[in-house]
Amino acid sequence: MFIGRKKELKFLEDLYTSKKFEMLIMHGRRRVGKSFLLAHFATHHNQDTVFFTADKGSEKDNVKRFCIELKRVLKAGDFLDSLETWKSVYSFIESTEISRRINIIIDEFTYLYNSNPAYDSELQNAIDRILKNKNIFLILCGSEVSVIEELFDNSTKPLYGRKTADLKLQPFTYKEAKAFFPKYSKEEVLTVYSILGGMPLYLSLFDDSLYIRENIIKNCLSTTGYLFNEIDTLLRMELKETFFYKSILLAINSGASTLNEIKTKIGEDGAKIAKYINVLENLGFIKAETPAGEKNKARNTLYSIEDNYFAFYFRFIYKHLNMLNGLISPAIYYSKEFSTDNLNTYIGHRFEQICSQFLKEKAFNGELPFFAEEIGRWWGNNPIEKRQEEIDIVAMNQESAIICECKYTEKPFDEKELSDLQASAPCIKRNNNFFWIFSRKGVTSGVKKKIHNQSNYKVFTIKDLFA
């Protein structure tokens, strides 16, 4: 079943209906659904679409398989069976009259470059001499971020300036993820999203006819579950020195949030760690944050796990992998580790990410009380209270700020918490302050009385997050 991606499909259709040569570069993390999206697009244009998935084989083998699809779409003769190089394929296209719009989709195209370093210069030559004069929509899709950036964004490379469109496919938001689980309540959807994140493949594994507990046991805790070894599998697919990368992830997960703290935990050179951190950040596994609105903020960078399933895995599974490999029943392990308090504490950390998505959607749709120039976390010294302060989320421009508190607990937001939220305002130093409270259980009657009829205060419950 295909879910979501309406904007992306419209984008593809717009390029398809263009009356000129188009070359789209589609990229994004593994498991984000690039191939699935392209396959769905291709089903709407089956007779006009060459859909080819490259592999690590030789140029000859890849060309042979590509020509099978090309032959089907162009209804060409057996001559195509003799082609063995991409140059010969381009020559064939040059000599062929193409009257209708043709899609050529090459998935995992970076394999072609990795096996033949001249692939990019040959393609550049083909685009300039042949393809740009044809009624062709070319889509190149891949997951190797560094290779794609090197090929298309490096001004010294042949393909620089040749793409006509770029699409980085993003994980689903919590609202988009809801479509996978029509039987779950909104709170259950947030729980699942906090565990799996927005990867379509992961979301498709959970069955909303089962309790969340059963889905976790089946998919995450059982050795036969798809997600049990997923983190190791992903790291091996994406990276070479997996042990070192995992050491960084473990250090961050254990609370080391600055470069110096990570360096101390691992005992390696800071410059080397910074390089590897950058790779993990580009892959979407971790994120680097600086206080929103601060100048000279590079020196105040904090690192945390960005990907929800990475965070879930390192919090609940990794430390007891040996036990889960046959020494304890997954069901018993769940009862032991997944107390309500443990799970709520974990979800509470991911809840800020969900509230941030909500704010960004509001900003995009022009539904904030002002146009925000930045949305993010803030931490630093409170000049009035003379203490260190952390603000969960702040949306701001030069004049105004929305200061947010995100609370995912069994208790409603109370008057003491309201007072603390108000006391954080001097940290932001804006003329107009708004206070938005995101609370799983709403607010107490005392808070309601204090903020009644004050337009700069708003309260959002889980129901409101899906409105």
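Given axes a ≥ b ≥ c from the Cα gyration tensor, I'd like to know whether the range 6-168 is rounded (a/c under 1.5), prolate (a/b larger than b/c) or oblate. Rounded. Ellipsoid semi-axes for the range 30-78, based on the Cα gyration tensor and the rule √(5λ), read 21, 18, 4 Å when sorted largest first. Here r is the Cβ-Cβ distance between HIS349 and ASN154 and R0 is 51 Å; the resulting FRET efficiency, rounded to 0.05, is 0.85. Modelled this way, with points 7 Å down the Cα-to-C-beta line, the labels at LYS272 and LYS386 are 4.5 nm from one another. Potential lengthening of the chain between ASP128 and GLN422 amounts to 99.8 nm, from the contour at 0.36 nm per residue minus the alpha-carbon distance.
For the range 12-72, GluC sites (Glu not before Pro) are listed when DSSP marks them as loop and at most 14 other Cβ atoms sit within 10 Å of their Cβ; the list is empty. Taking the three principal axes of the alpha carbon atoms in the range 240-351, the coordinate ranges are 50, 32, 23 Å, sorted in descending order. Between ARG65 and HIS40, the simple label model (points 7 Å from Cα in the Cβ direction) yields a spacing of 2.4 nm. Note on LYS287: lysines with a C-alpha under 16 Å away, same-chain residues under 8 apart excluded, are LYS246, LYS275, LYS297.
Under a model in which nothing but the beta-carbon of Lys, Arg (+1) and Asp, Glu (-1) is charged, the range 348-465 shows a dipole of about 320 debye around its Cα centre. Computed about the Cα centre, the dipole magnitude for the chain is approximately 620 debye when only Lys and Arg (+1) and Asp and Glu (-1) carry charge, each at its Cβ. Counted over all Cα-Cα pairs of the chain, pairs farther apart than 27 Å make up 63 percent. Rounded to the nearest 5, the antiparallel percentage of DSSP beta bridges internal to the chain is 30%. Using only alpha carbons, the range 167-250 has a radius of gyration to Kirkwood radius ratio (Rg to Rh) of 1.02. Paramagnetic label reach from PHE244 (point 7 Å along Cα→Cβ; backbone nitrogen cut-off under 11 Å): within the range 272-307, residues 272-277. In terms of the Cα gyration tensor, with a ≥ b ≥ c the square roots of its eigenvalues, is the range 348-465 rounded because a/c is under 1.5, prolate because a/b exceeds b/c, or oblate? Note, shape of the range 348-465 comes out rounded.
Looking at the range 16-55, the trypsin sites (Lys or Arg not before Pro) that sit in a DSSP loop and have at most 10 other Cβ atoms within 10 Å of their own Cβ are LYS19.
Between rounded, prolate and oblate, where does the range 254-311 land on the alpha carbon gyration tensor, with a ≥ b ≥ c its root eigenvalues, rounded for a/c under 1.5, else prolate if a/b exceeds b/c? Here the range 254-311 falls in the oblate category. Its Cα gyration tensor gives the range 1-97 an equivalent ellipsoid, and the semi-axes of that ellipsoid, as √(5λ) in whole Å with the largest first, are 26, 17, 12.
Taking the helices alone, the chain has a mean residue ellipticity at 222 nm of -13000 deg cm²/dmol, built from -39,500 (n - 2.57) per DSSP H run of at least 4 residues and averaged over all its residues.
Every number in this text was worked out from the coordinates using simple rules, so none of it is lab data. Since the model is a prediction, treat every value here as computed from it, not as a measurement. In this analysis, Cβ positions are derived from the backbone assuming ideal geometry, glycine residues included, and neighbour counts consider all displayed protein chains.
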